Amino acid sequence: MTGLTVRDLKVVFDGFVAVGGVDLDVPAGDVRFIIGPNGAGKTTLVDAITGLARATGTVTFDGQELLGRKVHRIARLGVGRTFQNSTVFEELTVLQNLDIAAGWHRGPLTLLRRRTSIPPRVQAALETIRLTAVRDQLAGTLPHGQKQWLEIGMLLVQDAKLFLLDEPVAGMSHEERDATGELLGELSRDHTVVVIEHDMDFLRRFARTVTVMHAGRILSEGTVAEVQADPRVQEVYLGHSVEA
Amino acid sequence: MTTLQDPVIAPDPTIQPATRRFGAGTGSRAVIGFGLAAVALFGLAPVVLGDFRLGLLAKYLCLAIVAVGIGLAWGRGGMLTLGQGVFFGLGGYAMAMHLKLTDAGPGQLPDFMQLYGQLDTLPWWWKPFASPAFALAATVLLPMLVALLLGLLIFRRRVRGAYFAILSQALCAALAIFLIGQQGTTGGTNGLTDIQGFFGYDLNDPLNRRTVYFVVAAALLAVLGIAWQLMRSRYGELLVAVRDGEERVRFLGYDPANVKLVAYVVAAGMAGLAGALFVPAVGIISPAMIGVVPSIEFVIGVAVGGRAGLVGPALGAIAVAWARTALSERLPSAWTYFEGLLFILPVVFLPGGLASLAVLLRRRTAKKEVAA
Ligand SMILES: Nc1ncnc2c1ncn2[C@@H]1O[C@H](COP(=O)(O)OP(=O)(O)O)[C@@H](O)[C@H]1O
Ligand SMILES: [Mg+2]
């Protein structure tokens, strides 16, 4: 089966159950939003899938078991992620950031030489994320929104097939949100996209399917309309957020 | 995608591409830089400096070679290598053992072994060092091998930061203590002293000592060339990425342990080479030159010069060594305090070292030009 399959995933920190038995199916090509109150375990779920948090259960992506593999091995299987706080390499330029992201498979001879031209996939990603004009700027000098796009660009050149984006539009302006939403739509043509997000307006506009997490478990799942109509979801959000 | 706006950001004159900021610049600038350094080292210094001062400079250049490696591993790779004395010592002892054996002549024991009088045959681990090829290769390859094994253990286990620094120091102390304890076979506290010849050349001859200086200067240029290529290569960019976001790099499919290992091993090789050249330049290698204190002193020069640059570490090492000689001749007791200050000041007030002063100045002039 293609796409992401999670079965009975549990993450326990010192006796505290952060993720308590999650089942999740994200078919290839989906744009899945995962929502839920702070502390619901959304980030921890992504941490477990990408090898950062120790977990039990099974997680397969395109038929390959991920649990028990090292972080960099999971990345090489086509699983890419971003972080809540952007983590680009601030002392390097936009171009260098992308070039590094495109390079894990490079051999020693390529690594020991200088980059003489811009690799085609890096050029294509620069255009997709609209950063061509600032490619020689240090990533640390970019405004917040562009840093997040750079992160998405890094996943593109990394050849990730599954994008796990942790609150990518937090702190973005309205225009930046719209642009990011359209970027997600474009990505979903040949990628599977999972977005953790709080913003309900953004969710309504760009989600294809939604999973609601609460206290380490899946509370509800379905289309945006189905999830909004679910009384359990309304209860968790005390009515206001979902209606907002 | 049409709504994703093209960013309208005016080019900022103070922001330069990272390669320039880091001082491992473009090809033509580098050629000019190497040319100037070569003129200074091969043309100027031998003319203006007498034999004694040139000998001192040879010693400082050895320390500069260590510093270039530290610049790579610490400045670019973020590994606070407070234990380069281990590799400097391995290179130095490998060279000194060979030179002691040739000084003694075929079949003879080195003088200190006869003096302590407990041995009538050469220890087995001395024997290969009679071969010049083996000894020369060992000066660089032995430190690199040790660094490889240590690095595999250390980086795979994600030892870093202060723990890495403390571990490095402990290794220095351990090697120094081991050497002191084996007086009969290593010369103990005295080390290997009174080196007379260097591959058939008499080191008491001032002309030959000048030649040693030229060898050291050529080695420094070669080491700078290697560091320059590493820093400007894709590997150099990756190394900076690992320094600034080791965990992030993992999610891009790299194992940062391997990335760090390369810089660590190269830096160890440079320290080994420096130790090997130190022996003919100074005539001695002893535990006092490879222990905890000298290992810290290697790093001080790099911090003063600016750790992330190419030439900063080398210039800093030379400047600090020169200041040490000048000051401790006049005020022996003051040097220790001054040295402490030298370490603290750049770390607190000028993390980029003296090299960053130049960048700051350039930025100020750039700003003035824009304002004008
Ligand atoms: N490394 C950790 N150690 C201990 N507890 C953690 C750790 N990471 C997360 N948690 C806890 O797990 C719960 C879920 O956190 P998280 O997944 O970050 O929530 P969300 O992303 O949904 O806001 C929180 O209560 C958090 O405090
Ligand atoms: Mg979170």
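A few remarks follow.
- The amide H of A:LEU67, built 1.01 Å from its N in the peptide plane, has A:VAL59 as neighbours under 5 Å, considering only residues 5 or more places off or on other chains.
- Whole-Hz couplings from phi, Karplus 6.51/-1.76/1.60, listed for the stretch A:159-169; x for Gly and Pro: 6, 6, 9, 10, 9, 10, 10, 9, 6, x, 9
- Under the combined filter of DSSP loop state and at most 14 neighbouring Cβ atoms within 10 Å, the stretch A:167-237 retains these trypsin sites (Lys or Arg not before Pro): A:ARG189.
- For chain A, DSSP calls about 55 percent of its internal beta bridges antiparallel.
- Across the stretch B:279-286, coupling constants 3J(HN,Hα) worked out from phi with the 6.51/-1.76/1.60 Karplus curve, θ = phi - 60°, read 4, x, 6, 10, x, 7, 9, 9 Hz, and Gly and Pro carry x.
- In percent, rounded to a whole number, the relative contact order of the stretch B:27-371 is 32, using alpha-carbon pairs under 8 Å and six or more apart.
- Simple spin-label estimate for B:PHE199 and B:TRP322 in nanometres, 7 Å along Cα-Cβ: 2.8 nm
- Rounded to the nearest Hz, the phi-derived 3J(HN,Hα) couplings of the stretch B:351-360 under the Karplus curve 6.51 cos²θ - 1.76 cosθ + 1.60 (θ = phi - 60°) are x, x, x, 4, 4, 6, 4, 4, 5, 4, where x marks glycine and proline.
- Using a cut-off of 26 Å between Cα atoms, the listed pairs B:LYS59/B:LYS127; A:LYS10/A:LYS161; B:LYS59/B:LYS100; A:LYS70/B:LYS260 include B:LYS59/B:LYS127 as exceeding that distance.
- The charge dipole of the stretch B:221-372, taken about its Cα centre with unit charges on the Cβ atoms of Lys, Arg (+1), Asp and Glu (-1) only, comes to about 540 debye.
- Chymotrypsin sites (Phe, Trp or Tyr not before Pro) restricted to the stretch B:171-261 and DSSP loop, no more than 13 other C-beta within 10 Å: B:PHE199
- Plainly put, the stretch B:27-371 has a radius of gyration that is 0.99 times its Kirkwood radius, both from alpha-carbon atoms, as the Rg/Rh ratio.
- Highest GNM mean-square fluctuation among B:ALA314, B:ALA40, B:ALA73, for chain B modelled with Cα contacts below 10 Å: B:ALA40.
- Structure remark: mean-square fluctuation, Gaussian network model of chain B, C-alpha springs under 10 Å; the largest value among B:VAL242, B:VAL140, B:VAL66 belongs to B:VAL242.
- Between the alpha-carbon centres of the stretch A:33-61 and the stretch B:280-352 there is a gap of 49 Å.
- Amide H contacts under 5 Å for B:GLY306: B:LEU354, B:ALA355, restricted to partners 5 or more places along the chain or on a different chain, H placed in the peptide plane at 1.01 Å from N.
- Between the beta carbons of A:ASP23 and A:ALA133, assuming R0 = 45 Å, the FRET efficiency works out to 0.50 to the nearest 0.05.
- Between the stretch B:32-73 and the stretch A:17-31, the alpha-carbon centres lie 61 Å apart.
- Shown here for the stretch B:110-139: chymotrypsin sites (Phe, Trp or Tyr not before Pro) in loop regions (DSSP other than H, G, I, E, B) with at most 12 other Cβ atoms within 10 Å, namely B:TRP124, B:TRP125.
- The stretch B:132-164 and the stretch A:111-142 have Cα centres spaced 35 Å apart.
- A Gaussian network model of chain B, with springs between Cα atoms under 10 Å, assigns the largest mean-square fluctuation among B:PRO313, B:PRO123, B:PRO287 to B:PRO123.
- Cα pair distances in the protein assembly as shown, grouped into 10 Å bins until the bin that holds the longest one, percent each: 3, 15, 22, 20, 16, 12, 8, 4, 1, 0
- Taking amide H atoms as placed 1.01 Å from N in the peptide plane, the amide H of A:SER220 lies under 5 Å from those of A:VAL212, each 5 or more residues away in sequence or on another chain.
- Over the stretch B:76-134: Rg over Rh, Cα atoms, Kirkwood Rh: 1.15
- Environment charge of B:THR193, counting only residues whose C-beta is closer than 14 Å and scoring Lys/Arg +1, Asp/Glu -1: -2
- Here the spin labels are modelled as points 7 Å beyond Cα on the Cα-Cβ line, and at B:LEU331 and B:LEU167 they lie 4.0 nm apart.
Rule-based calculations on the coordinates, nothing more; no lab input. As the structure is a prediction and not an experimental result, all values here were calculated from the model. Glycine gets a Cβ as well: all are built from the backbone with ideal geometry, and neighbour counts include every protein chain shown.
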